[in-house]
Amino acid sequence: MNNTHKYIQLLENQIKILFSKIYIEFTDSFSINDLIDAWQFRKYDPFLAFEWREPSLFEEFEKKECTLLKKDKLNNSKAFKIFTMYHESSCIENYSKIIEISTSSTISIIVIRELQNEMIKLLNQKNIAIESLPTSNVRISFYKEYSEHHIKRWLGLNNKNDPMPSVVLGSDDPGIFATNLKNEYCHVFQMIEIEHGKKEAEHCLHYLQSNSEKFAFK
């Protein structure tokens, strides 16, 4: 077993421990895929899922939903059981409480970085871009200033050995964060220029701009 598989197993074990704190009465054995499938059940209207009401006679969408729901219930009854418990009062009470998690006691920073790098490699294989939202991250995350932002790592400025994902800039919600895309480019430029010089900053912005054209919805 290589390190990545060992780390994944460690994370899965921690997820199962946290799961048991909420779904106390769930005694069946389960896999991480069961939890993912249970989460995907949330796309269904619980009133239809638990037959609390019949689908509307004039609503074709609801009829299709019921057909898909029956198929999914048949394919993974264990996931549907978890989905059912998610709507029960005891579980609602449990997951409404604040559960504090100390990541440092669960898994080391080195391991987290290795797992993040593996995820970046997977995204690159699938040609998936990551949208970065500097102002939003600074205002609602633990960053105090733009110079701390992780986009420097994604642009290959922190560690040349880390894989680089395809990154595009976004402004998140301009009405909430009082910014726009032009401002986001400016923040990133200034941040890189101070630490790495104007030439490197121009190079990074050219890369971000070319990615925005490549991954734009058209």
Inset, instruction - Inspect the range 202-218 for any residue being surrounded by fewer than 18 Cβ atoms within 10 Å (Cβ to Cβ), at positive phi and assigned by TED's automatic domain parsing to the domain that holds residue 124 and give the result as yes or no. - result: no
Inset, instruction - Examine the range 196-206 for a residue that is in a loop (DSSP other than H, G, I, E, B) and free of Cβ contacts under 8 Å to residues at least 12 places away in the same chain, and state whether such a residue exists. - result: yes
Legend entry - Check on residue 66, of a type outside the set (A, V, I, L, M), surrounded by 14 or more Cβ atoms within 10 Å (Cβ to Cβ) and modelled with pLDDT of 90 or more: no
Legend entry - Subset of the range 122-152 [part of a helix (DSSP H, G or I) and loosely packed, with under 13 Cβ neighbours inside 10 Å]: 122, 125, 140
Inset, instruction - Name every residue in the range 1-60 that is without any contact (Cβ under 8 Å) to a residue 40 or more places away in the chain, over 30 Å from residue 113 (Cβ atoms), exposed (fewer than 13 other Cβ atoms within 10 Å of the Cβ) and within 24 Å of the chain's Cα centre (by Cα), in order of residue number. - result: 43
Inset, instruction - Would you mind listing the helices (runs of 4 or more DSSP H) fully within the range 1-61 where at least 3 residues are modelled with pLDDT under 85? - result: 3-22
Legend entry - Boolean, residue 72 is under 19 Å from the mean Cα position of the chain (by Cα), of a type outside the set (Ser, Thr, Tyr) and surrounded by 15 or more Cβ atoms within 10 Å (Cβ to Cβ): no
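The values are calculated or read from the model by the stated rules, or taken from the named source; none is laboratory data. None of the values given here were measured: they were computed from a predicted structure. Using ideal geometry, Cβ is built from the backbone for each residue, glycine included, and neighbour counts are taken over all protein chains shown.
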